[in-house]
Amino acid sequence: MERPPATISAAGPWPAGLDRFAVILVRPDSPENIGLAARGMANTGFSDLRIVGLDRFEAPAYRTAVHADSILDAARFFETLVDAADGLDLVLGSTARIRRDFPLVTVSEAVRRTLEYPLDTRVGLVFGNERTGLTAREIGLSNIRFRIPQAARQPSYNLGVAVTLTLFEIAGRGHEPGVARRDRPLTHAEQEEAGRRFSDLLDSRGFMRDANRAFITERVRDIFRRMVLTANDRDIVLAMFRKGFPRGPLSNAHERSRNGTE
């Protein structure tokens, strides 16, 4: 029988392992929202803040942080989301928009999946710009894409509120020993490299054409991200396709089938 979530009281204790989570804010517009996000992190027991697209904080960030100055002081700044995700194993992207070809789950489901991994799995929680959100490329870099349910008439949550709700969902569930059901995945950079190797393998076997190469390459990498491969998974999949696809151009039968003439 599945155990009920851990109960969080005002006095704690908060669950262990929260230091493996990083909050990543991508191109935030409002310094006040950055401060509110930091305050939410302090309230829920998180400390690793990463900022993409800025190189410093404006004073209002400290005014709204309220006892979370240490989180702002320790924050790290990056030029791109790829840089900010370096060293992480699992990346979760938040979005309020329903997008074609980007399967979404609720924040509760995203957290449930995250907590299936071992406690040493390093996790990034990515939140986009207040007005424009994450770009398709940025949300595409995530392994799990999630949304926070809300009333239909309201377009989106305030950034600080979205961060706090997500973090409380994680802290509120706790993480009891022995619940991990999955092996630790490859690092995010290694997952990207696995997707590149696989798409190159398909290209070398004649699977792609000039007209669809960019599309197929991105779709393959997206599939690899959503699979959240372990090192063993990667090796098996790559070996399987090396054996399964003949070298050089595709066979005539396969080419006819692909072109719809068979």
Can you find, within region 217-231, the residue that is modelled with the lowest pLDDT among those that are aliphatic (A, V, I, L, M) and surrounded by 16 or more Cβ atoms within 10 Å (Cβ to Cβ)? Val220
For region 249-256, does any single residue satisfy the condition of being at pLDDT below 75, outside any loop (DSSP other than H, G, I, E, B) and of a type in the set (S, T, N, Q)? yes
Would you mind listing the helices (runs of 4 or more DSSP H) fully within region 108-206 where at least 1 residues are in contact with a helix residue (DSSP H, G or I) (Cβ under 9 Å, 6 or more places away or on another chain) and either at pLDDT below 80 or over 25 Å from Asn33 (Cα atoms) (or both)? 159-173, 188-204
Does Thr164 satisfy the criteria of being assigned by TED's automatic domain parsing to the domain that holds Phe46 and more than 16 Å from Thr80 (Cβ to Cβ)? yes
Checked against (1) farther than 24 Å from Glu190 by Cβ; (2) over 16 Å from the mean Cα position of the chain (by Cα); (3) of a type in the set (A, V, I, L, M), Val107 satisfies every condition except (2)
Please work out which one of (1) assigned to a helix (DSSP H, G or I); (2) free of Cβ contacts under 8 Å to residues at least 24 places away in the same chain is the condition Arg56 fails and give its number. (1)
Identify the residue in region 43-71 that is over 20 Å from Phe168 (Cβ atoms) and in contact with a helix residue (DSSP H, G or I) (Cβ under 7 Å, 6 or more places away or on another chain) and, among all such residues, is surrounded by the fewest Cβ atoms within 10 Å (Cβ to Cβ). Arg63
Out of the residues in region 207-216 that are over 22 Å from the mean Cα position of the chain (by Cα) and in a helix (DSSP H, G or I), which is surrounded by the most Cβ atoms within 10 Å (Cβ to Cβ)? Arg213
Pair list, Cβ < 8 Å and 6+ apart or interchain, from region 71-85 residues that are in the same structural domain as Gly128 (by TED's automatic domain parsing) to residues that are among the basic types (Lys, Arg) and not in a loop (DSSP other than H, G, I, E, B): Ala75/Arg50; Arg76/Arg50; Phe77/Arg50; Phe78/Arg50; Ala84/Arg50; Ala84/Arg76
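The values are calculated or read from the model by the stated rules, or taken from the named source; none is laboratory data. Worth saying up front: this structure is predicted, and the values here are computed from it rather than measured. Heads up, the Cβs are rebuilt from the backbone with ideal geometry, glycines too, and the neighbour counts pull from every protein chain shown.
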